[in-house]
Each structure stands twice: as structure tokens, then as C-alpha cells.
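For reference, the structure is listed below as C-alpha cells.
The values are calculated or read from the model by the stated rules, or taken from the named source; none is laboratory data. Quantities reported herein were computed from a predicted structural model and do not represent experimental measurements. Here the Cβ positions follow ideal geometry from the backbone for every residue, glycine too, while neighbour counts run over all protein chains shown. Ligands, DNA and RNA are stripped out before the accessible areas are found, and what is left, the full protein with its side chains, is counted by its heavy atoms. Shrake-Rupley method; radii C 1.70, N 1.55, O 1.52, S 1.80 Å.
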Amino acid sequence: MLISDNINREYGTDLDWKRTAVTNWSLTEHSLCDVCSARGVEEIRQALDVARARGLSIIAHGAGHSYTDAALNGGGLLIDLTTMRRILAWDPERGIMRVEPGVTVGEVARVALRDRWWLAVTPSTAVATVGGCVAMNVNGKNSWTHGSFGEHVLSLTVLLAGGQLLTVSPTQNSELFRAVVGSAGLLGFITSITLQLKRVPSDRVEVTVRPGRSLRELFQLFEDEQAADYLEAWVDGFAAGGQLGRGIVTASRYSQRVVATAAFPTFHLSERSMHSLTHWAGTLGRPFVEGGVRGANSVIYRGSRWPGRNRPRQISLMRSTYYAPALFTGYRALLPGGSETFQAFVPAAEAEALFAEILRRSQEHKYDPLWCIIKRHRRDPFLLGYQVDGFSLEVNYRLPVRVHGLRQLLRELMEQVIAAGGRFYLAKDALLTPVLYRRSVGEAAVAAFLDLKQRYDPERLLQSNLYRRVFQPSPQQPGEHDAKR
Ligand SMILES: Cc1cc2nc3c(=O)[nH]c(=O)nc-3n(C[C@H](O)[C@H](O)[C@H](O)COP(=O)(O)OP(=O)(O)OC[C@H]3O[C@@H](n4cnc5c(N)ncnc54)[C@H](O)[C@@H]3O)c2cc1C
């Protein structure tokens, strides 16, 4: 929503500023920010000058696909980097691609797949930018074997708050590299990324779906399917009692069929018609969300048990990896009040018991878990790493449904997850406080991060709503400067 576009004179630059209410992906937070697009390093430097001169904070914005507050900066500046979207170099022999930060993972995939390369790790939204994926260190359906996005970055250029452009990599300025990956944009603007992609035998995968009658069976299926290239479980959040945690494990293996096409999934309907269809389906389904999802879950689960349903089928890698964009339209239409996401990363030994507890307590308190996903992970090597050797459960709840009570329950569950050695993902968390965050990733990691912030951004120009919620040191802490608005 555009509030005012009359601020260019006030800031006195060539940049085109707009005062706008920006919303996060989950529709839970709206922040009034001054937003401009940057087409290159010089324009980001100009924006930094505005921030410094005006005593404002500033943060990068990619596609805005973080669920919560990572890319919001209420009362401050937002720099949209989706306009920096050139592929700078592509070496199809070695699978090395250098891109500007606003290039989307879908674009990388499309170009690379023509030469039989693919992102080593990718989120399931094709729209996320590569800059955003580095900044949040995203995970994928193969994270137990391939780790996190940052583990496949060869180098980055980072524009620091002081205007200096630095190259960082696992061997050059490695301390900063280890901190920038997963830093939610708080140490600098990533202005280019060099990625090592992964060879794939074809543009197709062979997909097998296997139902599990309980959480225990789902974990057994994860064990049985370890040789798969990608694994993910969908959980029916409404199933209770002996069937608590029942669901379907989807295992995909690269097919050996030769590359035929690098196109996005094609539908019989045009993309526009798909959006209209999902919009109307979402709107019409709105009054019946809980009952509708409960019924649909039951149908999906029972369908997966039909004879022949478990035979492998071939689908395109694009389609098996990324949600169709039209689904986002339907989701928004269905849940216009937004959704609350709770994603817990839990060590393997504790996962089954804790996931059962999360589902059971949600059901007991009548907070219906609408959409639940389990993935497997391995620990990542970055300073603020959130992945552990174990599993994650993502649960999505409809809002606004007794929000206060829901968040109270989720905070209690957070305590249990942290006590078990678990962690939370800044791109999807809305509830961490400075105390809980320190307890989960460790006091030493947060202190080291804040030391680097003090070194590379002593004026604390780079801030976001997330920074103020999770990292803001107490007022007594040395080095703290005047709060930015
Ligand atoms: C439908 C859907 C599915 C998803 N699936 C997954 C998944 O499977 N796995 C997973 O890990 N995540 C997943 N996510 C989350 C998403 O991939 C991450 O939040 C990702 O960071 C979004 O990228 P973005 O370009 O939208 O970044 P934004 O949301 O715009 O920004 C995210 C953070 O990155 C910072 N940032 C952005 N660009 C730069 C830059 N150039 N320099 C410095 N900082 C920058 C921002 O300041 C902000 O802190 C999903 C999200 C959606 C909506």
C-alpha cells in the first residue's frame, strides 16, 4: 500500500523513494517503511548515505518470502534488491554461476538445468532471491546430505555499512563469510554471489509416496528411504490418538532420463487462469477452513494407501521442487488474516517425542495444525546456524484465532525444544526473544555476531524488525548507540 511518494525531495537523492506499508509473507506484520530499488552498488551506497544523514536504519529486501520480520524495517529504510537481477557469469563446464543478489533461485535453476546442473540446496519457493537465500541460509529437502545453501557458495561480495566492498569466501575473510551467511542482512548488503551448482543426470525425478500410520512409522520411512535424493513428509495435523502424526513420506530420486526441457511445470490452464481458479477456490473455502482441511487431509492420506498409488512416477525436477506460484494466491485467499508458523529443529533422538508433543498440545488447545511438514537436516557450519543433526517439524496455524493463547502455547513448546538442544529458523520464526535466541544458538555465537556487527557496522545502520526483536542488546550493553527509529 503506497502512503506517500513525496519524500524524494526530503531525501535529496536520485533514488525513487516511496513511503509504503510493507507486509511479511505470513501477513502478520505491517511496517511503514521508506522503500527504494537499487540497480547497483552505487545506489545502495547512496541509500546508506541517506540513512546515516537522517539517523535512520536500513536493511535489504529480496522477494519478501521470509515469513516473518526479517525483511521489514518499521520507520526505517528498505532497499529492494530484486532490481539487481543479472546473471554475471555462467560456466557450464564446472557448474559455477555468478549472479547479482536479486536473481531468483527459479532463474538459476532454469538456466543451469539446460546444461544439466541444479542448485545443490534450494527452498521450495522459486521466487526467493539468491541474496535472500544466502542471508537466511535456506535449507531444502536434501539438507541431511547437502547441508544448507551457504555450504555451496564459493564467494560473496558484501557492501559494508561504511561503503567498503569486500570479497568473502571460505578462505578469504572467512570469519566474516561464516557470519554473513545466515545473518539476515545485518552485516552488509550482498551484492554478488558465486555458486557451485550440482550435476544432475536429467531434468526429471522419480517420485515415490509412502504412507505412515503414525509419527513412528514416518520416522521409520525416513530411515528406510535414506538413499533418496530428496525426502519430505507431509503430516495430517488433525489425526489424533494412535494415528497422531500419520502422513505421507515423499522420496525423490534423480531419474536417468536425458534432459528434455528446462521449462517450469506446464498446466493445461494458463498461469492466469490458475491464479483465478486458486483465488476463487481459496475465497469460497474460507468459511470452511478447518473442516475443509480436515476432510481433505483424510482424503489425501487414504488416497495414498490405495493399491498402486505407491508406484514410482516421473515428474520434472522443477515441479517436484517448487510450489506452483498460483498456490500462493489460493493460500492468501483462503487465509486473509495470515498464518502463524512454528518450525522446530530438533536433535534426532528427541524429535519423535517432541513432534508428538507439539501436535498433541495444539490439538488439545484447539489450535488446528493446518499444514505440517517434516524434513531431515544436518548441522550447518555457520555462526548463527540453525540446523541440527535431526529433523524439523513445521506447523502452520490460521490467524487470527485466539492469537494470544496460541503464541503462549508456542512459547511453552519453544522452551521444550530449546531444552532438548533444538533451534529455530529466523526466516520463519516470530516468537524468539533475545533470551530465547541466546539459549538456543548459544551465548558465545550471539556475542561473536554482535562483536562483528560492532566492527563492521559500528553505527548500527543495518537494522530490521527482526534485529530489534531478537538481537537488540540491552540498553546497558557497551557499544550500543542511539536507537534508530
Ligand atoms: C512458499 C515458501 C516456501 C519456502 N520454502 C522454504 C524452504 O523450503 N526452505 C527454507 O529454508 N526456506 C523456505 N522459505 C523461506 C524463504 O526461502 C527464505 O525466507 C528466503 O530468505 C526468502 O528469500 P527472499 O528473496 O524472499 O528474501 P527476503 O524475505 O526479502 O529477505 C530475507 C532476509 O534476507 C535479507 N536479504 C535479502 N537480500 C539480501 C542481500 N542482497 N544482502 C543482504 N541481505 C539480504 C533481508 O534483509 C532479510 O533479512 C519459503 C518461503 C515461502 C514463502
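What to note about this one:
- Couplings 3J(HN,Hα) of the stretch 142-153, computed from phi: 10, 6, 6, 10, 10, x, 10, 3, x, 6, 10, 9 Hz, in residue order, whole Hz [Karplus 6.51 cos²θ - 1.76 cosθ + 1.60, θ = phi - 60°; x for Gly and Pro].
- Charge tally in the Cβ shell below 12 Å around GLY162, where Lys, Arg are +1 and Asp, Glu are -1, GLY162 excluded: 0
- Full-stretch length increase - LEU88, ARG305 - with 0.36 nm per residue and alpha-carbon distance subtracted: 73.3 nm
- Under Stokes-Einstein, with the Kirkwood radius over Cα pairs as Rh, the value for the chain at 25 °C and 0.890 mPa s is 106 µm²/s.
- Reachable lysines, given that their alpha-carbon falls under 30 Å from the alpha-carbon of LYS141 and they are not under 8 places away in the same chain: LYS198, LYS366, LYS375, LYS428
- Loop-resident trypsin sites (Lys or Arg not before Pro) (DSSP state other than H, G, I, E or B) in the stretch 378-450 with no more than 12 further Cβ atoms inside 10 Å of their Cβ are absent.
- Whole-Å distance, taken between Cα centres, linking the stretch 392-430 and the stretch 308-328: 28 Å
- A cut-off of 5 Å between modelled amide H atoms, ignoring neighbours fewer than 5 places along the same chain, links GLY212 with GLY247, ILE248, VAL249.
- Local electrostatic count at GLY212 - Lys and Arg +1, Asp and Glu -1, tallied over other residues with Cβ under 12 Å: -1
- Accessible surface, per residue, of the chain when the full set of protein chains is kept, probe 1.4 Å, Å²: 41 Å²
- Sorting 219-225, 206-212, 119-125 by their mean Cβ neighbour count within 10 Å, with the most densely packed peptide first, gives 119-125, 206-212, 219-225.
- Relative contact order %, the stretch 2-80, counting alpha carbon pairs below 8 Å whose residues are six or more apart: 31 percent
- In percent, rounded to a whole number, the relative contact order of the chain is 16, using alpha-carbon pairs under 8 Å and six or more apart.
- Listed by chain and number, the lysines whose C-alpha is less than 22 Å from the C-alpha of LYS453, apart from same-chain residues fewer than 8 away, are LYS484.
- Amide H to amide H, with H built 1.01 Å from N, SER37 comes under 5 Å of ASP16, ASP80, counting only residues 5 or more places away or on other chains.
- Sulfur and carbon atoms: percent of accessible area, the chain [1.4 Å]: 53 percent
- Neighbour net charge for LEU335 - beta-carbon separation under 11 angstrom, K R +1, D E -1: +2
- Derived scalar couplings between HN and Hα for the stretch 304-313 equal 5, 9, 5, x, x, 5, 8, 5, x, 10 Hz in order, rounded to whole Hz, by the Karplus curve 6.51 cos²θ - 1.76 cosθ + 1.60 (θ = phi - 60°), x for Gly and Pro.
- Sequentially through the stretch 161-178, phi angles give Karplus couplings (6.51, -1.76, 1.60; θ = phi - 60°) of 4, x, x, 7, 9, 10, 9, 10, 7, x, 10, 10, 6, 5, 4, 5, 4, 4 Hz, Gly and Pro residues having no value and appearing as x.
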